[in-house]
1. Karplus couplings for segment A:456-466 from phi (6.51 cos²θ - 1.76 cosθ + 1.60, θ = phi - 60°), rounded to Hz, Gly and Pro as x?
2. Given bins 5 angstrom wide, list per bin the percent of all Cα-Cα distances in segment A:19-94, short to long.
3. Which is farthest toward the positive dipole end of segment B:154-217 among B:A180, B:A192, B:V160, measuring Cα position about the Cα centre, with Cβ charges +1 (Lys, Arg) and -1 (Asp, Glu)?
4. Can you pick out the pairs among A:K124/A:K390; A:K252/A:K301; A:K659/B:K190 whose Cα atoms lie more than 23 Å from each other?
5. Mind checking the log10 I(q)/I(0) for segment A:233-375 at q = 0.10, 0.15, 0.16, 0.19 Å⁻¹? Debye, one equal scatterer per Cα, no solvent, two decimals.
6. Can you work out the FRET efficiency for the pair A:R608 and A:L292, with r the C-beta to C-beta distance and R0 = 51 Å, to the nearest 0.05?
7. What residue among A:F355, A:F180, A:A473 has its Cα farthest toward the positive end of the dipole of chain A, where the charges are +1 on Lys, Arg and -1 on Asp, Glu, each on the Cβ?
8. For a footprinting-style exposure proxy, rank A:V141, A:V257, A:V669 by other Cβ within 10 Å, fewest first.
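Throughout, read-outs are computed from the coordinates displayed, never taken from laboratory work. Here the structure is a predicted model, which means the values were calculated and not measured. So basically every Cβ, Gly included, is an ideal-geometry build from the backbone, and we count neighbours across all protein chains shown.
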Amino acid sequence: MKNLLLVLVLLQGTSLSAQTLLRGQVTDRQGRSLPGANVLLKGTYDGATTDTLGKFEFNTFEKDTATLLVSYVGYEPSEQRIFLQGKSHTFAIKLEEAASELNTVVITAGSFEASDEKRMTMLKPLDIVTTAGAAADITGVMQLLPGAQRVGEQAGLFVRGGSGQETKVVIDGMIVQNPFFSSLPDVQQRGRFNPFMFKGTAFSTGGYSAQYGQALSSVLLLNTTDQTSNNGLGVSLNMASAGLNYDVANEKQSLSVVGYYGNLKPLFALVKQNVEWTRAPEFTGSSITYRLKTSKTGLLKTYGMYSDSHLGMVTQAPLDDDTRTGIRLHNRNAFTTITYTDRFADGKWLLNSGFSYSHNRDETTFDGANFGGSDERIQGRAVLTRVFEKNNTLLFGTEIHRINLQTAYNDQSYALHDTYTAAFAEGEVYLSRKLAGRAGVRTEYSSLLNRFNLAPRLSFAYKTGEYSQVSLAAGQFYQNPDYRYLYLNTDLNFERADHLILNYQRIKDKRTFRIEGFYKNYAHLVREFTNLPYDANPYRFPWGQTTNGGHGYAQGFDVFWRDQKSIKNFDYWVTYSYVDTRRLFQQFEKLATPTFVSNHNASLITKRWFEKITTSASFTYSYTSGRPYYNPNNERFLSDRTPPVHNLSFSASKIMTIKRNFTVVYLAVDNILNTRNIFTYRYTPDGQTRYAVGPQSYRSFFVGMQIMLSKKAVVGKNDV
Amino acid sequence: MKKILTISLALFFSANLLFAQSEKYTAAMTAALTDFDKSQNKEPVRDEWLALANRFERIASAEPKEWLPRYYAAYAYSSLAFMGNNVTEKDQLADKAEVLLKEAIAIAGENSELMVLDAQIHQVRLASDPQMRWQTEGPLFAASLAKAKTMDANNPRIYVLEGTSLLYTPEQFGGGKKAARPVLEKAMEKFATFKPQSPLHPSWGEGQAGYMLGEASK
């Protein structure tokens, strides 16, 4: 018995001594050796790290079959079954580089992103609040980007020859009915949303995804943050308003509440106004955000806001007769969204869904007459995405909107109801790391027009070098005609734009160069026939006969260069956009460049961080070439041009602690050189007198501070 | 008789195998930890840490039920991430560390040491692009340390990480030597009484804490 055990032990010992020698070399696809790669037999202690030449050598007692695994960070691991029988084996193993943002192409034509999540973007969300001349307003910064232009007297994003109405603002997939504060004639208003609400912003200059519609030129996509970054109470105080915000969060849920009151009277007492205010803007508002993690993967976000504002002024330029007219506005606006996102089956399926309701009421009196209106939008949306290997995706989705509009003109009331539905599908395919394509299709139905449309979209990207790539996008885009026309004629069809965009970009070491050329064709634009001379009043009610007989084009290119590397703590970017566009639409008698278009737009943005005094400073210079304006005394339609608009602005913010409370103090100066900018000219109805329409004030300044009454607040220079 | 023999043989083999396996594990870990301690207490050398990461990963591959080799491999990758040449490389190394950390958590559940390691991975992500990641990684770093504290407030490595982070945070943002010193002193206090569960359990950090305390006291 004892002997038997001894024999067994000996046998076990001898069996262990039969070793197999494994050796070889690990290289990349080009044959360059990979030192430090891990080579091992799966499930055993046997293995080695490759030496400086990528070579390895080790012995194993394993027998028969085993799995040889080679791994190296940054490369796809390699696995192979091997047969061990005591003889030595030599391996030549080639590893494939893993896909990363650096070596994989991205579809970029027509898109300009600011995101923390993706590194290869040209902007960061923080750039939005630290850029001088933008007044911490999202659209203010977007107007400084290539492809966009500045139209001083109107709110909205004007992209590549498109009007402000051709751009839709979308929050978490939901169209925002009233993205800007309600305005009076020739007064530009800010966006309603605080830039800190968003984790990512994507500004499209055209050729955008089939997921979005109802915008002939552009979409501005805003994605709200998934969590609050600070806990506690914050106070903001500036020359125009005072606000409180409170954030509280735990692992599962978070709540943010904001309330503010503002009155521009004190500011107007200090900054000379070009406008005669009969009631300085006064506004109150509040918002509430609640986020709940419903599971490991599910997230429910609800956001609701309400604001109420009053203002009154004497119009800058006469609109109706030769006496200047008093106009007053009381606006009430509510907007809510609920979105739910989730992942299923190990991330193979993604769901994005949402519901939104908005209500807006403008009580406007114009020379005492009621001019107001209201609008309402209810929308629901669901998108399912299937994620395949190698980041290939296929998505499909649907959305439905109910839009109710009501307006008053000359004490007569008009109403419209539209049910708009859309369905879309889109696939993104990486043929290799160098070549990717995206193809999508969108179909829409409007009950008001009683018509369908079908819009194909296509884009490609090809990586031309280690840091550079070219990208191409083409597609068709539809939009309902301006609702002002539909009040009297619901027989109109969708308006259409066709985009073609070619883009080249190079991103290396915090230096970015991008150039994009485009051609845009406009078809089925609404034309209005009044049998009267052109009426330049932007707020006139279109009473003439309308058809879809209009058309037009826009072509041009834009350039972007950003350098964050050459000088430490210094960042600058330059943009230049050129557009050539002509249209036959609205009351135009012939093809002409619309009044909102300037052919050349350029800007230089500089930012510097001063570490010692914890202050960041920014200068922005922007140039907008002259725009056409309507001169009733000139026989050549829209052939007059305004002088160009120059603006040099400055902003600075300093971070400090006051009694251990983190505080940011900021100062902004707009139009430092006090340039007498003119945006457009208007004529009295008799055509005798010309009035200039300019900014509400020339040189102006603004001071404010933000205090976080929270000891827990962890804040960096980039929170400024 | 035959039956008894078979059973006892079977028992003998399995016991032998088990014993051999666990002995092999202890031996491999002890040897690797000797090198780990050497590399831990001097200027970091990339090749050493890469070799360590590979070594612990190999042990992990042979021991699917042990969390410690995964813990140390993840630690090694997070150290490598600090040394990466660019943000992409640093992220790839941090991603790898995170995969190993998740494996360890799947085996052992969350514990104070793993939460400290989780904080360290957030710290390296933060350090690789501080301008852009303050808002996201900063709170995650703090949250992981807070969780580690609730699980074992006597774990000295919590205070090593917290103190180091404070030392390199500018005063305006609530950091600086003054703020770091008491935390690092606390780390040293905790080390004085700290006993690892076994020689294989984490025990690093005293040297680092001592060095940082020296810097903070300058």
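1. Couplings: x, 9, 8, 8, 9, 9, 9, 7, 8, x, 4 Hz.
2. Final binned percentages: 4, 17, 31, 26, 14, 7, 1.
3. Positive-end residue among those listed: B:A192.
4. A:K124/A:K390; A:K659/B:K190
5. So the normalised log intensities are -0.55, -0.90, -0.96, -1.14.
6. FRET efficiency, A:R608 to A:L292: 0.80.
7. The residue sitting farthest along the positive end of the dipole is A:A473.
8. Lowest to highest Cβ neighbour count: A:V257, A:V669, A:V141.
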